Amino acid sequence: MVAIILLCGLIIYQVSTTSSRNLVENTLSEIAREVIENAASAIDMSRYEQFVQHPAVNNYYYELRDTLNDFRLKAGVTYLYTMTRTQVNDTYEYIYMVDGLPVGSENESWLGEPEEDIASFPKIVKAFDEGTTQFEMTYTEEWGGTLSAYMPLFGPSGENIGIIGADIDVTAAYEEMNASKRKLLVFIFGAAMIISVLIFAYIHYSLRPLKKLVRHVERMGTGDLTASISMRRMDEIGYLANTINTMQHSVRDMIRNILQTAESVSDQSADLNQSSQEVKQINTQIAATMEQLGVGADSQAATLGTLARDMNLLGVRIEEANRLGGEIADQSSDIHGIAVEGARLMDESLTQMRQINRTMKEAVDKVYQLDSQADEISSLVDAIRKISDQTNLLALNASIEAARAGEHGAGFQVVAGEIRKLSEQVAGAVRDITSIVDHIQQDTKAVVQSLNHGYGELRQGSEQIGATGKAFYTITAAISDVSDKISSITGTLQEINRRSSDTIAAIDQVAEVSATTAAGVEQTSASVEEASSSMEQVAKSAEHLAKLAEMLEDQVKKFKI
C-alpha cells in the first residue's frame, strides 16, 4: 500500500516538474522570439545580403555589431549573433557572421569563424533546413542553463541568407525549478507517510469485527448452530455477518431435512431389498424363455442365409443371361444395320444395272443402224463399181474410135486413156471400199451378236439383283423382328433381374432381421442375467444403504439445532 502511494506521488512529481519546465521554456521562448524578431527588423536585409555575399570587416560590419550589442543589452540576453552556411563538397559549413558582443570581448566570434561542434546544435541546422524559428533549452556544468532561439533571415528575393540567434542565461530559472522539485518531493514523501498512517488506522478499526466473525464461524464448525451473531455495521463486514447468519439458518434447515431423509431412506431400503428378490425370480424365468427363442432364431437365420446364397447364385445367372441377351441385341442391331445398308446398296446396284441395260440397248440399236448403213454403203459401192465398169468400157470404145479417127482423134484418145485410168482407180478404190465395208459388216455382226449376248446376260443379272434385293429386304425384316424379340427378352430378363435383386434384398433383410433378433435374444438373455446380478447387487446395496442411513442419522444428531 505504501509503495502504491509513493508511486502515485512520484507520478505527480514527474508531471508537475515536466509541466513547470514546459511553462518556463515556453515563456522564455516567447521572450527570445521577441528579441530576435526586433533585432532582425533593425537589419537592412538588402545590405545584409550583399554583406553575406561579400563579407568584409568594414564600417557596416561594426555598425551591425553595435546594433546587435544594443539589443543584447536592452533585452538582457547573453549572446546575439548572425550566422550563414556554405556548401563544402557534400556537407555544409556553418559560419559566424556578426557577433553582438563588444569588440575585444573574451567570448566574441569573428567574421567567418566556423562552428566546429555543429552536432551539438541540431536546432541551428533545422532552422536552415526548414526555414522556421527553432528553440532549445540546455543545461551544462560549464555554461549552466541556456535557452537558444534561431530565426531564419530572408533576403528581398525570398532566399534564406542566414539566421539570427540569441542565447539567454536561464541558470537562475533552472535553480528555482530544482528548488521547487526538492520541496515538492519532500511534500510528497510527507503526505505519503501521513496517508499511510491514516490507512493503517482505518484498516485496524475495520478488521476488529472480523475476529468476532471468525470465532462465530469456529463454533459453527464444531456443530453448534444455535447461536447467532448481531452486527449493525452497514459496510462490507456487516454484509458478511448477515450472510453468515443466513448461511447458518440454511445449514440448520438442511440438517433437519437430511435427518428426515435418512429415516425415510432406512425405511425404504427394506422395501427395496424385498422387491429386488422378487425381480430376481422373474428374471430367471425370462432367461429360460429367451434361451429357447435364441435357438429358434439361430435356426431361422441359418436357413435364410442358405436361401440368400441360392438367390444370389440365381441372380448371378440371370444377370449373365441378361448380359448375353444385351450382347445379342447389340449384334442383332449391328446385323440389322448391315442388312439395311446391303439392301440400300442392292437398290443402287439395281438402279445402275437398269441404267447399263438402257445403255446396252441403245448400243445394240446403234450397231443395228450401223449395219443397215453398211448395207446402204455396199449398195452405193456396187453402183459406183458398175458406173466405173461402164466408164472403163466407154473409155475403151472411145480409144478404139480415136484410133480409127487417126490423127484427128489423137487428143481424144489421150483423154479417153486418162478416163480409163481414172475408171480403173475408181474400180480399185471401190474394191478397197467393198473390202472395208465387208469387214465392217462382219465386225458389226460380231458386235451385234456380242451385244445381244451381253444384253441377255445383263438382263439376267438385273433379274438376279432384283431377286437378291428382295431377299435382302426379307432378311432385314426378319432381323428387325428378331431384334425386337431379343429386346423384349432382354427387358424381361432385366425385370427378372430387378425383381430377383429385390427378392435377394428382402431375403437379406429378413436374414439380417433374424440375425439381429437372435443377437437381440442373446443380448436380452445377457441383459436378464445381468439384471439378475444387478438385483443381487441392488439387494446388497439396499442393505448397505440402510446401514449408511443409520450412520448418517447418528452423525446428523451431533448438530445442535
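Values quoted throughout were computed directly from the atomic coordinates according to the rules given, and no laboratory measurement underlies them. Computed from a predicted structure; not experimentally measured. No Cβ is skipped: glycine too gets one built from the backbone with ideal geometry, and neighbour counts run over all protein chains shown.
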| query | For the peptides 377-388, 157-168, what is the packing order when you average, over each peptide's residues, the other Cβ atoms within 10 Å and list the highest mean first? | reply | 157-168, 377-388
| request: Go through segment 121-135 residue by residue and turn each phi into a ³J(HN,Hα) via Karplus (6.51, -1.76, 1.60, θ = phi - 60°); whole Hz please, and just put x for glycine and proline. | output: 10, x, 5, 5, 4, 5, 5, 5, 6, 9, x, 10, 6, 10, 10
| task | Only Cα pairs under 8 Å and at least 6 apart count here; give the relative contact order of segment 2-183 as a rounded whole percent. | result | 23
| query | What FRET efficiency comes out for the pair residue 113/residue 136, r = Cβ-Cβ distance, R0 = 25 Å, nearest 0.05? | reply | 0.75
| request: Show me 95-108, 394-407 ranked by packing, highest mean number of other Cβ atoms within 10 Å first. | output: 95-108, 394-407
| request: Go through 78-85, 246-253 and give me the packing order, highest mean Cβ count within 10 Å leading. | output: 78-85, 246-253
| task | Mind checking the full-extension length gain between residue 324 and residue 464? Use 0.36 nm per residue of separation minus the Cα-Cα distance, one decimal, nm. | result | 46.7 nm
| task | Figure the gain on full extension for residue 7 and residue 250 (residue separation times 0.36 nm, minus the Cα-Cα span) and round it to one decimal in nm. | result | 82.9 nm
| Between residue 344 and residue 194, what is the label-to-label distance in nm when each label sits 7 Å out along the Cα-to-Cβ direction? | 12.2
| field | 3J(HN,Hα) from dihedral phi, segment 62-68, Karplus parametrisation 6.51/-1.76/1.60, rounded to Hz, x for glycine, proline | value | 5, 4, 5, 5, 5, 4, 5
| remark: Under 5 Å from the placed amide H of residue 113, counting only residues 5+ away or on other chains, we find 96
| request: May I ask you to list the residues of segment 146-169 whose amide nitrogen lies under 12 Å from a point 7 Å from Cα along the Cα→beta-carbon direction of residue 105? | output: 166-169
| note | Two pseudo-spin positions, 7 Å from Cα along C-beta at residue 312 and at residue 268, lie apart in nanometres by 5.5
| message | Assuming 0.36 nm per residue, please report the length gained on full extension of the stretch residue 509 to residue 389 beyond their Cα-Cα distance. | response | 31.0 nm
| Relative to the Cα centre, what is the charge dipole magnitude of segment 357-462, using +1 at the beta carbon of each Lys and Arg, -1 at the beta carbon of each Asp and Glu, and rounding to the nearest 20 debye? | 160
| query | Between residue 445 and residue 359, what FRET efficiency follows from the Cβ-Cβ distance if R0 is 22 Å, with the result rounded to 0.05? | reply | 0.60
